Amino acid sequence: MSRELNLILLGPPGAGKGTQAARLVQDFHLPWASTGDMLRAAVAAGSDLGVKAKGFMDSGDLVPDDLIVDLIVERVNQADCADGFLLDGYPRTVPQADALGEALSGLSREVSAALLIELDDEEVIRRLSGRRVCVQSGHGYHLDFDPPKHEGVCDQDGSRLIQRDDDTEAVIRNRLNVYHSQTKPLVEYYEERGLLRRFDGSRSQTEVHDHIRAALATLRLEDTI
Ligand code: AP5
Ligand code: MG
């Protein structure tokens with residue numbers, strides 16, 4: 001029997017974390033936790049967390065660690081995560097990574113792999129400027145690379161497509177700066193622990209997906225030897 005897959009998706013904004021997560025959860029039947037989606041839901045609901053987080057998100061800054069860590073520690077403790085999970089957008093700072101490691105080790109578990117999707121800054125701007133998301137399901141499209149069949153309408157449920165508030169060029173540039181200064185140190189963090197797997201995010205969605213799937217299959221195989 002192979003071990004559980006406790007996975008982290010790392011990478012700059014727009015690298016394709018959400019796009020790949022949607023495919024991988026189907027392949028591996030894992031629960032998918034996106035801190036960005038959780039925070040956007042909190043903002044939409046007007047909860048305490050949402051009220052506190054909104055200003056940071058609108059300007060492209062990170063929401064403070066103390067607001068995020070408990071959210072994700074609670075999430076990985078839930079029953080559906082007992083056999084593995086896919087975290088998208090967490091951790092984003094070294095203290096967040098430490099907190100996850102401690103929470104898992106308290107459960108005699110550990111991170112299986114940190115999947116880094118690499119993409120250069122100019123391509124990030126192209127990706128995010130053309131992104132549209134379904135107002136209902138959050139499903140993502142791109143005006144050039146992955147257009148919906150009918151303009152402005154989600155293929156899956158017919159809902160309206162919108163542009164995210166933080167997908168304006170000025171905010172994207174700040175999100176990139178924040179990524180380079182606060183999140184990129186996690187590349188070395190997971191590399192030192194032998195957990196980092198790198199993927200070229202400039203390839204097509206299908207190629208990136210195939211590469212990640214192959215790496216995870218190998219990981220599971222290594223585990224059974
Ligand atoms: P979050 O929602 O996580 O945003 P992000 O990290 O900036 O990443 P994105 O969701 O923008 O990009 P993605 O990598 O998922 O790309 P996607 O697949 O959509 O976070 C938002 C905010 O919440 C943060 O700024 C922060 O304020 C806060 N936050 C969240 N987590 C936090 C944490 N842990 N701590 C503190 N604060 C936190 O793809 C992008 C586009 O490209 C799409 O249009 C897609 O169709 C297209 N595309 C994807 N792959 C390809 C491909 N291979 N080829 C061509 N096009 C592609
Ligand atoms: Mg995303």
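The values are calculated or read from the model by the stated rules, or taken from the named source; none is laboratory data. The structure presented is a predicted model; accordingly, all values stated were derived computationally and were not measured. As a convention, Cβ positions derive from the backbone with ideal geometry for all residues, glycine included, and neighbour counts pool all protein chains shown. For accessibility, only protein heavy atoms count, side chains too; no ligands or nucleic acids. Shrake-Rupley method; radii C 1.70, N 1.55, O 1.52, S 1.80 Å.
Obtain the nm distance between the two label points defined at Gln26 and Asp83 by a simple spin-label model: each point lies 7 Å from its Cα along the Cα-to-C-beta direction.
Modelled inter-label distance: 1.9 nm.
Take the chain, connect every pair of alpha-carbon atoms lying under 10 Å apart with a spring to form a Gaussian network, then pick out the residue of Lys184, Lys149, Lys54 with the largest mean-square fluctuation.
Lys149
For His180 and Asp200 in one chain, what is 0.36 nm times their gap in residues minus the Cα-Cα distance, to one decimal in nm? Working shown, then result.
Details: separation 20, 0.36 × 20 = 7.20 nm, distance 1.73 nm.
Working it through step by step, the gained length comes to 5.5 nm.
Cα to Cα, under 29 Å, and not fewer than 8 places away if on the same chain: which lysines meet these conditions relative to Lys149?
Lys17
For the range 1-156, what % of the accessible area comes from carbon and sulfur atoms, probe 1.4 Å?
Values: 3740 of 7390 Å².
Accessible surface attributable to carbon and sulfur in the range 1-156 totals 51 percent.
For the range 89-205, report the % of Cα-Cα distances exceeding 20 Å.
Numbers: 3761 of 6786 pairs.
Everything past 20 Å amounts to 55 percent.
Once the Cβ-Cβ distance between Glu207 and Gln136 is put in as r, and R0 is 35 Å, what FRET efficiency do you end up with, to the nearest 0.05?
Details: r = 29 Å, r/R0 = 0.82.
About 0.75, to the nearest 0.05.
So, with +1 on the Cβ of K and R and -1 on the Cβ of D and E, and no other charges, what is the size of the charge dipole of the range 1-159 about its Cα centre, to the nearest 20 debye? The partial results should precede the final answer.
Working: 14 positive and 26 negative charges, 57 e Å.
Dipole magnitude for the range 1-159 comes out near 280 debye.
Would you kindly give the portion of the calculated P(r) for the range 1-137 that falls above 18 Å, as a percent of all Cα pairs? Mind showing how you got there, number by number?
Numbers: 5388 of 9316 pairs.
Value for the range 1-137 (Cα pairs over 18 Å): 58 percent.
Can you give the % of DSSP beta bridges in the chain that are antiparallel, to the nearest 5? Don't jump to the answer; show the numbers that get you there.
Values: 8 of 25 bridges.
The answer is about 30 percent antiparallel.
Subtract the Cα-Cα distance of Gln163 and Asp98 from 0.36 nm times their separation in residues, and report this length gain in nm to one decimal. Don't skip to the answer; put the middle values down first.
Working: separation 65, 0.36 × 65 = 23.40 nm, distance 3.33 nm.
So the extension gain works out to 20.1 nm.
Placing +1 at every Lys and Arg Cβ and -1 at every Asp and Glu Cβ, with all other atoms neutral, what dipole size does the range 70-162 have around its Cα centre, in debye to the nearest 20? Numbers along the way, then the final one.
Values: 9 positive and 18 negative charges, 65 e Å.
The dipole of the range 70-162 has a size of about 320 debye.
Among 29-40, 58-69, what's the highest-first ranking by average C-beta atoms within 10 angstrom per residue? Walk me through the numbers on the way to the answer.
On the way: 29-40: 18.6, 58-69: 16.5.
Sorting 29-40, 58-69 by mean packing, highest first, produces 29-40, 58-69.
Output needed: Cys residues of the chain lacking any neighbouring Cys C-beta below 4.7 Å, sorted by number.
So far as the 4.7 Å Cβ criterion goes, Cys81 stand without a partner in the chain.
Only sites in a loop by DSSP and with at most 13 other Cβ atoms within 10 Å count here; which trypsin sites (Lys or Arg not before Pro) in the range 187-225 make the cut?
On the way: sites: Arg193, Arg197, Arg198, Arg203, Arg213, Arg220; in loops: Arg193, Arg203.
Those that pass, being in a loop and sparsely packed, are Arg193.
Enter the accessible area per residue of the chain (Å², integer; probe 1.4 Å; all protein chains in place). It would help to have the intermediate numbers written out before the result.
On the way: 11450 Å² over 225 residues.
Per-residue accessible area for the chain comes out at 51 Å².
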